[in-house]
């Protein structure tokens, strides 16, 4: 399997992944991703070069967004002063479930973060999705804190405010990485 940067023609596939994931997560009892994600915002992240696709021949198995930009209002100024990369929208096609792709993608992200001189690989997860939180803990992330409604730096509701991080580090993720080389991040 290979990792490539997403291109605008991947938009429909990414929206379908999100719909598929929301349906699966709903059956597990979570409301995560129950609202449709705006296609124009997703297209903007593709055009910014922060969305990556796992390709298995002509099929797409998974996707991850990896950016040096933190979700507004979650991380403190002190934390943001440390060079970090942030994981968003990690999604594995149900067809490829139980093949450890999520863990391998997190390893790839940590390796890419390391190569971009980041200290941390960080993420935020749905505050009510305990199963997802346990998954990230099993992937060696450490829970930093949970930002709830009204706690956010800039106020407002937080449905995805469970914050976790692990050190950026080299990893043997097993993918053929065809994405552009990462740029150095600053804290």
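The values are calculated or read from the model by the stated rules, or taken from the named source; none is laboratory data. These figures come from a predicted structure and were not determined experimentally. Here Cβ is always computed from backbone atoms with ideal geometry, including for glycine, and neighbour counts include all displayed protein chains.
Considering only residues in region 128-151 that are surrounded by fewer than 18 Cβ atoms within 10 Å (Cβ to Cβ) and part of a loop (DSSP other than H, G, I, E, B), the one that is nearest to the chain's Cα centre (by Cα) turns out to be 139. Filtering region 70-79 to residues that are at pLDDT 90 or above and exposed (fewer than 15 other Cβ atoms within 10 Å of the Cβ) leaves 76, 77, 78. Of all residues in region 111-122, those that are assigned to a helix (DSSP H, G or I) have Cβ atoms under 6 Å from Cβ atoms of residues that are surrounded by fewer than 24 Cβ atoms within 10 Å (Cβ to Cβ), 6 or more apart or on another chain, in 111/170; 111/171; 112/182; 114/169; 114/170; 115/182.
Within the bounds of region 83-104, is there any residue that is crowded, with 16+ Cβ neighbours inside 10 Å, outside any helix (DSSP H, G or I), over 12 Å from the mean Cα position of the chain (by Cα) and at pLDDT 95 or above? Taking every residue of region 83-104 in turn, at least one turns out to be crowded, with 16+ Cβ neighbours inside 10 Å, outside any helix (DSSP H, G or I), over 12 Å from the mean Cα position of the chain (by Cα) and at pLDDT 95 or above.
Taking region 105-119 as the range and being surrounded by fewer than 21 Cβ atoms within 10 Å (Cβ to Cβ) and either in contact with a helix residue (DSSP H, G or I) (Cβ under 7 Å, 6 or more places away or on another chain) or within 17 Å of residue 5 (Cα to Cα) (or both) as the test, the residues that pass are 111, 115, 116. Residues in region 7-32 that are at pLDDT 85 or above and surrounded by fewer than 18 Cβ atoms within 10 Å (Cβ to Cβ): 5 in all. Is there a residue in region 123-132 that is modelled with pLDDT of 95 or more, touching a strand residue (DSSP E or B) at 6+ places or on another chain (Cβ under 8 Å) and under 26 Å from residue 7 (Cβ atoms)? The answer is yes; a qualifying residue exists.
Got at least one residue in region 33-54 being crowded, with 17+ Cβ neighbours inside 10 Å and at pLDDT below 85? So far as region 33-54 goes, yes, one or more of its residues are crowded, with 17+ Cβ neighbours inside 10 Å and at pLDDT below 85.
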